[in-house]
Amino acid sequence: MSEAGGQARGEQGQTLSQEEAFARIRLLRSPNVGPVTYMQLMGRFGGARAAIEALPGLAGRAGKPYQTAPERAVHAEIAQVRKAGARYLFHDSPDYPALLTHSEGAPPILTLRGDSAMLSRPCIAVVGARNASAGAVRIARDFAHGLAEAGFTVVSGLARGIDGAAHEGSLASGAPGGTVGVIASGIDIAYPPQHAALQERVAREGVLLAEQPPGTEPLARHFPTRNRIIAGLAAGTLVVEAAPKSGSLITARLAGEMGREVMAVPGSPLDPRAHGCNQLIRDGAMLVQSVEDVIELLSGFDGLPRSSFREVSAAWHAVSDVDLGAPPADLDGDIENLLTTAPVTVDELIRQSGAGAASVQLALLELEIGGRLLRHAGGRVSLG
């Protein structure tokens, strides 16, 4: 068994060397390296070990000294993953979820407990309010149970209320589908504490996924990134009950931007907890009232959702090594001058700078590694 949590497989099922698996983890844990930057570095340098060697030089061109993640910290993380009974799932592993691969900013490395085969089944996300009504909790449990019986894997976030009910329903005895819990903490942290037993059951009987390193407590900024994974795993997202401003609506909007089906259970206009679902339906989400409605929508899903909730955003593609040449010497400064704290699309920067797309992408890469750039949803960037 390799140090990186078991035998690791990469592109086309080829076994990764222990050194490359270790380097991948170290690369992703290095300062200012997020999912987009990671994939661009991997494409440009052909592997994590070469990318790590290049990082200080790239950051230096942006004007700042740089230190990669210490090897001892990566050794300690790997030990924590193994202690938790988990393993690493790399972006090019054959059991990495196919739909998640096609979502913008997909996590290049996840930690996993459970049977990864469930990730290859048709997935449906079921999300909703934490302070859910008793009726909505029952609906979520019944929907999840029926969907699991029909062979769907139910994905949710292990939060109180609707999430917990979705996991409980899909874990019901005899359901052939299964459940996937995506958490905002490390794989070894149970949150909320009252769901510790449920989280352990999901890990034993289903799949538990985490993007954050082990030992990481769930912070507010981690939940939107968790929501993008939930939306990315599933062909459709079902919202059972939600307030107008909630994480569930964020998940639904992310699903719409990914071109997935967005569904909502209608509720009484007298209940504020139903306003979010009713708003989704008004904005183009599909109204569903039964498990059969959901199955009908997802069984025929071919990548073209029937809901008109949101237009699909342009697909993001990593820039490969053949695309990236050295940018003009002054391009970093030119790009930085075009940026403000207000997010702007990369396409707009290309248009305004008059430079080639590859040169602009490399300039942005150097600015991000140097800590002077932030990336946002929809392929937008701003000054950090």
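The values are calculated or read from the model by the stated rules, or taken from the named source; none is laboratory data. Treat the numbers as computed from the prediction; the structure is a model and nothing was measured. Note that each Cβ is placed from the backbone with ideal geometry, even for glycine, and that neighbours are counted across all protein chains shown. Surface accessibility is based on the protein's heavy atoms, side chains included, excluding ligands, DNA and RNA. Shrake-Rupley method; radii C 1.70, N 1.55, O 1.52, S 1.80 Å.
Tabulated values for the structure
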| read-out | value |
| --- | --- |
| Unit charges on C-beta of K, R, D, E only; dipole of the chain, Debye | 820 |
| Computed over the chain: relative contact order in percent, which uses C-alpha pairs under 8 Å that are six or more apart | 15 |
| Highest average packing first - 271-281, 175-185, 298-308, 218-228, Cβ atoms within 10 Å | 175-185, 271-281, 218-228, 298-308 |
| In Å, descending, principal axis extents of the Cα set of the stretch 115-252 | 35, 34, 27 |
| Acute angle (nearest 10 degrees) that the helix 134-149 long axis makes with the longest principal axis of the chain, alpha-carbon atoms | 80 |
| Value at 222 nm in deg cm²/dmol, rounded to 500, when DSSP H runs of n ≥ 4 in the chain each add -39,500 (n - 2.57) | -12500 deg cm²/dmol |
| Positive minus negative residues near residue 215 (Lys, Arg vs Asp, Glu; Cβ under 11 Å) | -2 |
| Probe 1.4 Å, accessible area per residue of the stretch 100-185, Å² | 30 |
| Between 0 and 90°, nearest 10: helix 357-369 axis offset from the chain longest Cα axis | 90 |
| Per residue, the convex hull volume that the Cα atoms of the stretch 75-122 enclose (Å³) | 77 |
| Distant-in-sequence amide H partners of residue 236 (H built 1.01 Å from N, under 5 Å) | 125, 261 |
| With all protein chains modelled, accessible area of residue 346 [1.4 Å, Å²] | 20 |
| Difference of contour (0.36 nm per residue) and Cα-Cα distance, residue 20 to residue 225 | 71.2 nm |
| The stretch 90-194: equivalent-ellipsoid semi-axes (sqrt of 5 x gyration tensor eigenvalues, Cα, Å) | 23, 17, 12 |
| Alpha carbon convex hull of the stretch 158-230, projected area averaged over orientations, nm² | 4.6 |
| Rg [Å, one decimal], Dmax [Å, integer] - the chain, C-alpha atoms | 21.1, 63 |
| In degrees, nearest ten, helix 48-61 long axis to first principal axis of the chain (Cα) | 60 |
| For the stretch 188-321, size of Cβ-based charge dipole, Lys and Arg +1, Asp and Glu -1, in debye | 340 |
